[in-house]
Amino acid sequence: LRRNRIELLDLSFLRPKRFLDGTSSFTELAWDAAGTTLVTGNIGGEVGLYKLEDGRQRLVTPALPDTISAVTLTPSGRELIACDISGQIRRIRVRDGAVLEALAVDAHALAAAALEDLFVTAHRDGVLRVWAAGAGGEARAIGEHGRRIDDVQTSEDGAVLLTRVRRTLSLRDPTSGLVLASHKLGSQEKAFGGKSEADLARELNALFASF
């Protein structure tokens, strides 16, 4: 990601395979579940959609009034969630760029994750917010965690959340925000008892699958 250009690398040689150019400096990007579509946000508040088979931009919509701070696609790829630094959040239909829902909070979102019927946003004020798609308002705020939440992901069934606060990864209950397990990146002290990184990754994946 370099200003208004995205470089897609061939992982066999780590050389640029294709360039995707935009009209303004990119700030955020996210893949769809199949890895064939890329959604981008830029400094001008625009949301873009690229099909990687030909590198063409299929959608550009001036969805938000300020710099995009988070974007994500639903698993089906039919909708996307875009957030900006003013606290505005938009649910957008991918087919035509129509804004299906407009929401706002006091603290801007740093990350977002989406399912078909709900989406989660992580905010600078340390609050995780879970929204019901189409409900027109905040579904629930699952606690104040003290520090800004830098990233969030959700399991396929929405039964567990993965958050990152600085170097700490945590699995959380999506109803209470309670930490189920945690791991500090780059540290030898692990929540699962000093296991190797590979063993820890397997256990985290198994924990996700068990919910």
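Listing for the model above:
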item: Which numbered condition R2 fails, given (1) under 20 Å from the mean Cα position of the chain (by Cα); (2) at pLDDT 75 or above; result: (2)
item: Residue tally, condition out of contact with any Lys or Arg (no Cβ under 6 Å at 6 or more places or on another chain), farther than 16 Å from L38 by Cα, open to solvent by less than 40 Å² (accessible area, probe 1.4 Å) and of a type in the set (A, V, I, L, M, F, W, C), over region 84-109; result: 5
item: Odd one out for D125 among (1) in contact with a His (Cβ under 8 Å, 6 or more places away or on another chain); (2) modelled with pLDDT of 75 or more; (3) part of a loop (DSSP other than H, G, I, E, B); result: (1)
item: Residues satisfying the stated conditions in region 156-170, i.e. in a loop (DSSP other than H, G, I, E, B) and either closer than 19 Å to I85 by Cβ or out of contact with any strand residue (DSSP E or B) (no Cβ under 8 Å at 6 or more places or on another chain) (or both); result: E156, D157, A159, R166
item: Region 26-41 residues that are assigned to a strand (DSSP E or B), paired with ones that are open to solvent by 50 Å² or more (accessible area, probe 1.4 Å) and acidic (D, E) (beta carbon under 7 Å, 6 or more apart); result: T40/E28; G41/E28
item: Criterion (surrounded by 15 or more Cβ atoms within 10 Å (Cβ to Cβ), touching an Asp or Glu at 6+ places or on another chain (Cβ under 6 Å) and at pLDDT 75 or above) met by exactly one of L73, L49, L59, L38; result: L73
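The values are calculated or read from the model by the stated rules, or taken from the named source; none is laboratory data. None of the values given here were measured: they were computed from a predicted structure. As a convention, Cβ positions derive from the backbone with ideal geometry for all residues, glycine included, and neighbour counts pool all protein chains shown. Protein only, heavy atoms only, side chains kept; ligands, DNA and RNA dropped before computing areas. Shrake-Rupley method; radii C 1.70, N 1.55, O 1.52, S 1.80 Å.
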